[in-house]
Amino acid sequence: MTPLESELFKRHPQNPLLTREDWPYPVNAVFNPGAAVVDGETVVLARVEALTGISHLTVARSANGIDDWSVASEPLLAPAEGVESEEWGFEDPRCVRVDELDCWVITCTAYGPAGPAVFLATTKDFRSVERRGIIKRPEDKNAALLSERVGGKWILFHRPMTAFGDSHGEILLSRSTDLQSWSSPEQVLQPRRGAWWDSLRIGIGPPPLKTERGWLMIYHGVKETVSGSIYRVGLALLDLEEPTRLLGRTPGWVFGPLAQNEREGDVPNTVFPCGLVHDQASGEVRLYYGAADTSICLASAQLDDLLDAVSSAAP
């Protein structure tokens, strides 16, 4: 078994699925996409870095989620003129279907002179978008919403860049009744001390997936080395009724940068997942991720295998 075959997630042989050459206008890179299935069609909401260095979000669609992509000619979400909080762009979207609201909720990073902030928008079809605005002020990022309320409140996972305990790079959650006013952050998951693969900082990947065993969280972890940072992927399982309660966490990473296009690019040695599609019929989990901040790729696993791995791990 080769290293590329030994991980829990298996890369699609057609990777990278999308690169800057697929875009209908000149860009530097496409990466870190949110993902959804709308009317049987796979939609990815890609972070697109323009030749200015500023990012916006653009939709690409595919009948099978693998090839024959149709890329929108204009961004779905781009900086509005005169709005300082988004002056430097939108980054790293996460998309979740919320049945109570009958729409998709997009959380992303709005970047301006004050720093990164959490921005929320909604859409029915990924063809138009309703801006809800900043919901977590700088510095805060890596935000994802649960698909339904817990205890009557919406749950937002995010990463404020302020000190809670001994860490500046942990996953926290806040609660809200209206998606506008949020409670003080509560601890969920922290980087591990020392030489661990997720010792420098961690951040949520796609919105957690509700399963019978708990909320399945896919997260990225970063380790600093003498030659730079390495971004890898791990799993955690959270209690359905109290998502601050950790039920399990894989000790090792389940996916890391091994392919050439993941090890070479604008940010080398990086796999950064923001999008997840779960096929209930087959049990397949499709993970859409940015490779080296340069292209969009796909890796897949069976949900039962992921749950078995994280359920058997100690919190």
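For the subset of the range 73-93 comprising residues that are crowded, with 16+ Cβ neighbours inside 10 Å and small (G, A, S), which member is farthest from H56 (Cα to Cα)?
In this case the residue turns out to be S85.
If you go through the range 283-298, how many residues are under 14 Å from the mean Cα position of the chain (by Cα) and either under 15 Å from C95 (Cβ atoms) or among the charged types (D, E, K, R) (or both)?
Residues meeting the conditions: 7.
Considering S227, S184, S199, which residue is under 22 Å from P257 (Cβ atoms), surrounded by fewer than 19 Cβ atoms within 10 Å (Cβ to Cβ) and touching a strand residue (DSSP E or B) at 6+ places or on another chain (Cβ under 8 Å)?
Of S227, S184, S199, the one residue that is under 22 Å from P257 (Cβ atoms), surrounded by fewer than 19 Cβ atoms within 10 Å (Cβ to Cβ) and touching a strand residue (DSSP E or B) at 6+ places or on another chain (Cβ under 8 Å) is S199.
Search the range 71-91 for residues being in a helix (DSSP H, G or I) and under 22 Å from the mean Cα position of the chain (by Cα), and hand back the single one that is farthest from A35 (Cα to Cα).
Here the answer is S85.
Does T123 satisfy the criteria of being surrounded by 22 or more Cβ atoms within 10 Å (Cβ to Cβ), among the polar types (S, T, N, Q) and under 24 Å from V277 (Cα atoms)?
Answer is no for this residue.
Give H168, H220 a once-over and let me know the one that is more than 22 Å from W104 (Cα to Cα), under 20 Å from the mean Cα position of the chain (by Cα) and modelled with pLDDT under 95.
H168
Which of the residues spanning the range 210-224 are among the aliphatic types (A, V, I, L, M) and either over 18 Å from L145 (Cβ atoms) or surrounded by fewer than 17 Cβ atoms within 10 Å (Cβ to Cβ) (or both)?
Scanning the range 210-224 gives a single hit, V222.
So S227 ticks every box in (1) under 19 Å from the mean Cα position of the chain (by Cα); (2) among the polar types (S, T, N, Q); (3) modelled with pLDDT under 95 but one. Which box is left unticked?
With respect to (1) under 19 Å from the mean Cα position of the chain (by Cα); (2) among the polar types (S, T, N, Q); (3) modelled with pLDDT under 95, S227 is out only on (1).
Given (1) in contact (Cβ under 8 Å) with a residue 60 or more places away in the chain; (2) over 22 Å from F272 (Cβ atoms); (3) touching a Lys or Arg at 6+ places or on another chain (Cβ under 9 Å), where does E242 come up short, assuming only one miss?
Only one criterion in (1) in contact (Cβ under 8 Å) with a residue 60 or more places away in the chain; (2) over 22 Å from F272 (Cβ atoms); (3) touching a Lys or Arg at 6+ places or on another chain (Cβ under 9 Å) is unmet by E242, namely (3).
Could you run through the range 182-192 and say how many residues are under 17 Å from T250 (Cβ atoms) and in a loop (DSSP other than H, G, I, E, B)?
3
When only residues in the range 261-310 that are farther than 30 Å from T225 by Cα and small (G, A, S) count, which is surrounded by the fewest Cβ atoms within 10 Å (Cβ to Cβ)?
Ranking the candidates gives A281 first.
For the subset of the range 154-165 comprising residues that are more than 19 Å from the chain's Cα centre (by Cα) and assigned to a loop (DSSP other than H, G, I, E, B), which member is modelled with the lowest pLDDT?
Ranking the candidates gives G165 first.
Given the condition at pLDDT 95 or above, over 17 Å from the mean Cα position of the chain (by Cα) and of a type in the set (D, E, K, R), answer yes or no: does some residue in the range 199-209 qualify?
Looking through the range 199-209, none of the residues is at pLDDT 95 or above, over 17 Å from the mean Cα position of the chain (by Cα) and of a type in the set (D, E, K, R).
Quick check: anything in the range 248-258 surrounded by fewer than 22 Cβ atoms within 10 Å (Cβ to Cβ), at pLDDT 95 or above and not in a loop (DSSP other than H, G, I, E, B)?
yes
The values are calculated or read from the model by the stated rules, or taken from the named source; none is laboratory data. As the structure is a computational prediction, the values presented were derived from the model and not from experiment. Neighbour counts are summed over all protein chains in view; Cβ atoms, including those assigned to glycine, are modelled from backbone coordinates with ideal geometry.
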